[in-house]
1. Radius of gyration and Dmax for the chain's Cα atoms, expressed in Å?
2. Mean residue ellipticity at 222 nm from the helices of the chain, using -39,500 (n - 2.57) per DSSP H segment of n ≥ 4 over the full residue count, to the nearest 500 deg cm²/dmol?
3. Would you please put 45-52, 91-98 in order of how densely packed they are, using the mean number of other Cβ atoms within 10 angstrom per residue and starting with the highest?
4. Can you give me the relative contact order of the chain as a percent, contacts being Cα pairs under 8 Å and 6 or more apart?
5. Starting at 0 and stepping by 10 Å, how many percent of the alpha carbon pairs of the stretch 61-116 end up in each bin?
6. With just the Cα atoms defining each centre, how far is the stretch 88-106 from the stretch 1-60? Give it in Å.
7. Picking from 76, 101, 46, whose Cα lies most toward the positive end of the charge dipole for the chain (charges on Cβ: Lys, Arg +1; Asp, Glu -1)?
8. Taking a ≥ b ≥ c as the square roots of the Cα gyration tensor eigenvalues, with a/c under 1.5 meaning rounded and otherwise prolate when a/b beats b/c, else oblate, which class fits the stretch 25-70?
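Bear in mind that the values in this text are calculations on the coordinates, not laboratory data. Note that the structure is a prediction, hence the values are computed from the model and not measured. Here the Cβ positions follow ideal geometry from the backbone for every residue, glycine too, while neighbour counts run over all protein chains shown.
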Amino acid sequence: MTVKDIKEILKAEVICCEELLDTEVHTACGSDMMSDVLAFVKDQSVLLTGLINPQVVRTAEMMDMRCIVFVRGKVPDESVIDLARDRDIVLMKTPYRMFTACGLLYDNGLRGGCDI
């Protein structure tokens with residue numbers, strides 16, 4: 001799946017790094033707790049979150065994530081957008097809530113890192 005596929009599935013709007021929509025992604029996670037992302041997430045390509053602060057981008061960078069999707073239509077400020085742009089991380093926003101967004105991606109074949 002590509003970031004562009006995620007954009008279409010989630011009816012998302014690209015906030016920055018549109019030139020990277022052809023990036024391949026294989027897994028995703030949804031969380032508003034960046035400490036949990038750092039502690040429990042392995043090999044994730046996409047982060048879905050309702051947080052719009054710089055820590056989200058820094059966490060995504062540390063975990064080598066390629067895309068952040070802000071749920072509930074949230075939009076970060078310019079400092080967060082600039083940070084993501086500098087790190088080549090695609091930012092998008094979707095009108096869906098976290099649960100729905102994760103479900104739509106799962107239904108379309110995107111999985112988490114440790115399905116049992």
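1. 12.4, 39
2. Result for the chain: -10000 deg cm²/dmol, rounded to the nearest 500.
3. Per-residue mean Cβ counts within 10 Å order the peptides as 45-52, 91-98.
4. Once divided by the residue count of the chain, the mean separation gives 33 percent.
5. Per 10 Å bin, starting at 0, the Cα pair percentages come out as 21, 46, 30, 3.
6. Here the two parts' Cα centres lie 8 Å apart.
7. 101
8. Judged from the Cα gyration tensor, the stretch 25-70 comes out rounded (a/c under 1.5).
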